[in-house]
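Data first, discussion second: the structure below is written as structure tokens.
The values are calculated or read from the model by the stated rules, or taken from the named source; none is laboratory data. It should be emphasised that the depicted structure is a prediction, and the values quoted were computed from it without experimental measurement. A quick note on method: Cβ atoms are made from the backbone with ideal geometry, for glycine too, and the neighbour counts reach across all protein chains shown. Quick note on the areas: whole protein, heavy atoms, side chains included, nothing else; ligands and nucleic acids left out. Shrake-Rupley method; radii C 1.70, N 1.55, O 1.52, S 1.80 Å.
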Amino acid sequence: MRYLPLDTADRAQMLARVGVQTIDALFADIPAAQRLTTPLPLADGASEIEVERSLARLAARNVAAGSVPFFLGAGAYRHHVPATVDHLIQRSEFLTSYTPYQPEIAQGTLQVLFEFQSQVAALTGMEVANASMYDGSTACGEAMLMAHRVTRRRKAVLSGGLHPQYADVAATLGRMSDDEIIRRPLDPLAREDLAAAIDDETSCVIVQNPDFFGNLRDLAPIAAAAHAKGALLIAVFTEAVSLGAIRSPGEMGADIAVGEGQSIGNALNFGGPYVGLFAARQKHLRQMPGRLAGETVDADGRRSFVLTLSTREQHIRREKATSNICTNSGLCALAFSIHMTLLGETGLRRLANLNHAAAVDLATRLGAVKGVSVLNEAFFNEFTIRTPRDGAALIEDLAKRGIIGGLPVSRLAPGAGLDDLIVVAATEMTTAADRQAYCEALAQCLSSGATR
Amino acid sequence: MNSHGRPTRPADAEPTRHATFTGNRGLDMEEALIFETGRLDATGVDLEAPAPFSSRLGAHARREAIGLPGLTEPEAVRHYARLSRNNYSIDVGLYPLGSCTMKHNPRLNEKVARLPGFADLHPLQPVSTAQGALALIEALAEALLALTGMSAVAMSPKAGAHGELCGMMAIKAALAARGEDKTRSVVLVPDSAHGTNPATAALIGMSVRAVPADADGVVSADSVRAALAPDVGAIMLTNPNTCGLFERNIVAIAEAVHVAGAYFYCDGANFNAVMGKTRPGDLGVDAMHINLHKTFSTPHGGGGPGAGPVVFSERLARYAPAPRIVRSGDALALAEHAEDSEAFGRMSAFHGQMGMFVRAYAYILSHGGDGLKQASEDAVLAANYIRVSLADLMSAPFGDRPCMHEALFDDRWLKDSGLTTLDFAKAMIDEGYHPMTVYFPLVVHGAMLIEPTESESKASLDLFIMALRDLAMKAVSGERERFLAAPIHAPRRRLDETRAARQPVLRWTSPAPV
């Protein structure tokens, strides 16, 4: 086996030094009746060529997003990742190091985390950010738990514009700890009155912007309403690129801002690994979950970075920790940080503008297709259309014509009465020809398909 | 001198460590923050401006500056390449962090994970366009079930602690189904447990009752029986445990737990020791997470991403969270809604760490059943080889008992030296080694937990042993300075961690104008 350096002679010598006759003597603590005496029911090892071949065969059974006109978002977005990003994150020193527990030999990772935290804080308009969470949905759940700790209340209000799977994650956490979770009905037109749902028991209100349907929302009135009742505003975003074009959560008064960072530096990867961004107000720092890199000096007085404030964390505080998180998304955070450094303020704003332009063009074209209407007034790179046909069937028809046309809302929210809605995204990766192809195919599907 | 007057031999000068103008020392380079070198108007990405169009951002458009510095591409490459050089990594040396399983990360796995059919695939594409991805997840799930002898697996948890949470939520759901989730609110956790175990129990509103280990480092069935009561819902036990020992009473413990009406959660962080040697399903385990970033070699990336699939016994299988892969005729489909079954809910958006699944599956195919068993045997052999090779110099808390995949020492042997475990660990850095896990597990004073994994050659192990023996002899013979000053050959000397915590500086801020 090419990954195992020991050979038979090595093993014999080592067993002799250890003082046992057979390797099984070292496994003597396994109860005899439970020792496995038959080979594992798995094929024998395979060569690099064979493994590559079988995985390539599996990969070929998928339709790669880049091989078709592609308009799906809903929490994961297809953006260009510069070649530099993927090269740098594969450097041995980043890829094959552990969590930086020995800072003298981990300054590379630690400085990156400090820069990442600084970038995330700037992007969200918040005061502090942590060194990453698993993804946007788990960051959202952790934000809710943090709000419970800060306010000592246990009732969360979830906006009807929150990604349904994010709401599922929060609801699961809430159910397990007997917290009260108020899920507002899905709200495609962004007309819900969240202020009315906040009372003196409310710990937090969780609002996504741009919301699941692509609407841009003004969070400032919700922040004011929450603060008036002693509750926190948790602002969620699933499309980090949007923050290059729209007002930040911090500017609108959010107390905690969480989101998905996949859009910047990370591939779609069929849903993971992604990188959760988590930022908050300084005054709530001690209640934050996750790792934090901080600045200090070494014995020679040189600026250095180290994991800090670990008295919040599970390995010190155990059952009193702010979270059980340990491993997070270090390498995805590195990819985010490198891509953000390559973009810079100027590049991020241009990228955001290109996305918005593509979406505006697509919305205009789709709105002109007979029977199709665009629901949104203000949007960034994603919006919702209503068509005369069942959305899921329509998306299947489009897929047969080689177009990934978006997300039928019914896939994530069956039974919500929104079967005629499709959430559509356009990024800098979609071309005018793609958008034209989509509109033509959609028109054909609508004229040939059964109407309601 | 050669004929052009160029010196070809080093001069016989006195070596002094003089300061340099740049602060660099040869290949050891200082690197500023991007916030100090970057500019708001610099960018390393060429993006065209779009044709003029009417914005639909309305009043939501950002008006304020963000404050994000940019670098051109050559500057960015240099920044990150230089930073990377200040990191230790498994690619450059033995990385004996106990309970972290820092094994070789095959690059084949990186290559296949980047195939467009996996990497450029959206989680919400029509499932008809992602059949290969679902087939891979199912194949990996089947391999994990074969290795563990369990009934079902939840693939969505994103790391070990997330897997613990998933397993404990399933247990809580099972208790709720019996109407006992309110009355059975206690989780038994041994003192040697990783901190995530009690933190996880607390997250779902359960309280922790400690179970002592015996003097030989393992938990006895009697201790568990003594702690079991009608208010106990579960036990969380790590096996092999964090002292590197197989919990040899595990079958009796599982029986006692089950008789008492509770469930058995096993922390599978150390599964690398027992592949092909025993199966958790045969030991009476009800739920166990598997760290793909440990046992199955997905790179740790300086702190993740990981993946923590959870295997379940028949008793808990029905409560496994959404999503699940289901068969629909000849095709595979996703059951994405917990409400449609007894699933306890959802752990995260989408379907889990697909990028890690591809890598882990490639690792399993490469090894095969025979290779995985050999990997476990080699890992255990290497740990024991280190254990016996250091036993005469360093003190082991549990005597001569064979260990599993990691060898545990304490600090009794340093008692008269005036040195601590930390001093010894930092001196290892000067020898070119990443230190072992130190001060964990908490049950052993000044713990040093060494996990070499199966990836080291005998020559590598021998050099490591000789280096540690040399250091140990120096420590006990009174060479204190070398240890107290260590490390001196690393990019940094010891850090002021107190200052970092007392005056936290967690982000860059523009220095005040002078």
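Just checking, which of A:Leu331, A:Leu366 is under 30 Å from A:Leu88 (Cα atoms), among the aliphatic types (A, V, I, L, M) and not in a loop (DSSP other than H, G, I, E, B)?
Within the list A:Leu331, A:Leu366, the selection yields A:Leu331.
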### Message
Quick check on B:Val310: is it within 12 Å of another protein chain (Cβ to nearest Cβ) and open to solvent by less than 10 Å² (accessible area, probe 1.4 Å)?
### Response
no
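This table checks each residue for (1) more than 11 Å from chain A (Cβ to nearest Cβ); (2) not hydrophobic (A, V, I, L, M, F, W, C).
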site: B:Pro230; (1), (2): yes, yes
site: B:Asn239; (1), (2): no, yes
site: B:Cys243; (1), (2): yes, no
site: B:Val251; (1), (2): no, no
site: B:Asp267; (1), (2): yes, yes
site: B:Asn272; (1), (2): yes, yes
site: B:Asp282; (1), (2): no, yes
site: B:His300; (1), (2): no, yes
site: B:Ala317; (1), (2): yes, no
### Task
Report yes if some residue within region B:155-171 is of a type in the set (Val, Ile, Thr), out of contact with any His (no Cβ under 9 Å at 6 or more places or on another chain) and either within 30 Å of B:His367 (Cα to Cα) or not assigned by TED's automatic domain parsing to the domain that holds B:Ser328 (or both); otherwise report no.
no
### Summary
Listed by first then second residue, the pairs whose first member lies in region A:421-438 and is within 10 Å of A:Asp361 (Cβ to Cβ), whose partner is part of a loop (DSSP other than H, G, I, E, B) and open to solvent by 30 Å² or more (accessible area, probe 1.4 Å), with beta carbons under 9 Å and at least 6 positions apart or on separate chains, are A:Thr430/A:Arg78
### Task
With a cut-off of at least 1 residues that are surrounded by 23 or more Cβ atoms within 10 Å (Cβ to Cβ), touching an Asp or Glu at 6+ places or on another chain (Cβ under 8 Å) and within 11 Å of chain B (Cβ to nearest Cβ), name the strands (runs of 3 or more DSSP E) lying wholly within region A:162-276.
A:256-260
### In region A:394-452, the residues that are of a type in the set (Gly, Ala, Ser), farther than 22 Å from A:Phe213 by Cβ and surrounded by 16 or more Cβ atoms within 10 Å (Cβ to Cβ)
A:Ala437, A:Ala441, A:Ala443
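Kindly indicate the residue of region A:294-319 that is of a type in the set (D, E, K, R) and more than 7 Å from chain B (Cβ to nearest Cβ) and also most open to solvent (accessible area, probe 1.4 Å) among those meeting that condition.
A:Arg317
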### Message
With the requirement that a residue be within 25 Å of A:Arg247 (Cβ to Cβ) and open to solvent by less than 50 Å² (accessible area, probe 1.4 Å), what does region B:1-60 give you?
### Response
B:Ile34, B:Phe35, B:Gly38, B:Ala42, B:Thr43, B:Val45, B:Leu47, B:Pro50, B:Leu57, B:His60
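Quick one: how many residues across region B:147-173 are of a type outside the set (A, V, I, L, M) and under 14 Å from B:Pro305 (Cβ atoms)? Steps first, please.
Pass one, region B:147-173, residues of a type outside the set (A, V, I, L, M): B:148-149, B:151, B:156-158, B:160, B:162-164, B:166-167, B:172.
In the following step, the residues that additionally are under 14 Å from B:Pro305 (Cβ atoms) were identified as B:156-158, B:160, B:162-163.
Total satisfying the criteria: 6.
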### Query
Taking region B:180-217 only, how many residues are without any contact (Cβ under 8 Å) to a residue 12 or more places away in the chain and acidic (Asp, Glu)?
1
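Might you check whether a residue that is farther than 29 Å from B:Glu336 by Cβ and out of contact with any Pro (no Cβ under 8 Å at 6 or more places or on another chain) occurs anywhere in region B:137-157?
Of the residues in region B:137-157, the ones farther than 29 Å from B:Glu336 by Cβ are none.
Scanning region B:137-157, I find no residue that is farther than 29 Å from B:Glu336 by Cβ and out of contact with any Pro (no Cβ under 8 Å at 6 or more places or on another chain), so the answer is no.
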### Task
Taking the residues in region B:330-360 that are touching a residue at least 24 places away in the same chain (Cβ under 8 Å) and in a helix (DSSP H, G or I) as candidates, determine which candidate is farthest from the other protein chains (Cβ to nearest Cβ).
B:Ala360
### Task
Scan region A:105-146 residue by residue and report those that are more than 8 Å from chain B (Cβ to nearest Cβ), open to solvent by less than 10 Å² (accessible area, probe 1.4 Å) and assigned to a helix (DSSP H, G or I).
A:Leu110, A:Phe116, A:Val120, A:Thr124, A:Ala139, A:Cys140, A:Gly141, A:Ala143, A:Met144, A:Met146
### Message
Residues to consider are B:Ala501, B:Ala512; find the one that is assigned to a loop (DSSP other than H, G, I, E, B) and either out of contact with any helix residue (DSSP H, G or I) (no Cβ under 6 Å at 6 or more places or on another chain) or on the phi > 0 side of the Ramachandran plot (or both).
### Response
B:Ala512
### Message
Tell me whether region B:195-214 contains one or more residues that are touching a His at 6+ places or on another chain (Cβ under 7 Å) and more than 10 Å from chain A (Cβ to nearest Cβ).
### Response
no
### Query
Can you tell me how many residues in region A:53-101 are more than 7 Å from chain B (Cβ to nearest Cβ), β-branched (Val, Ile, Thr) and open to solvent by 10 Å² or more (accessible area, probe 1.4 Å)?
3
### region B:401-418, subset out of contact with any helix residue (DSSP H, G or I) (no Cβ under 8 Å at 6 or more places or on another chain) and either in a helix (DSSP H, G or I) or closer than 26 Å to B:Phe271 by Cβ (or both), residue modelled with the lowest pLDDT
B:Arg401
#### Entry: Hey, A:Ile30 open to solvent by less than 20 Å² (accessible area, probe 1.4 Å) and not assigned by TED's automatic domain parsing to the domain that holds A:Gly402 or not
yes
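Specify which of the listed residues (B:Leu408, B:Leu414) is touching a residue at least 40 places away in the same chain (Cβ under 8 Å), in contact with a Phe, Trp or Tyr (Cβ under 8 Å, 6 or more places away or on another chain) and open to solvent by 10 Å² or more (accessible area, probe 1.4 Å). Explain how you work it out, then say what you get.
Values: B:Leu414 fails: open to solvent by 10 Å² or more (accessible area, probe 1.4 Å).
Going through B:Leu408, B:Leu414 in turn, the sole match is B:Leu408.
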### Query
Which residues, counting only those in region B:378-400, are within 13 Å of chain A (Cβ to nearest Cβ), of a type outside the set (A, V, I, L, M, F, W, C) and in a loop (DSSP other than H, G, I, E, B)?
B:Asp392, B:Asp400
### Task
Those residues that are among the acidic types (Asp, Glu) and in contact with a Gly (Cβ under 7 Å, 6 or more places away or on another chain), I need them from region A:403-452; list them, please.
A:Asp419, A:Asp420
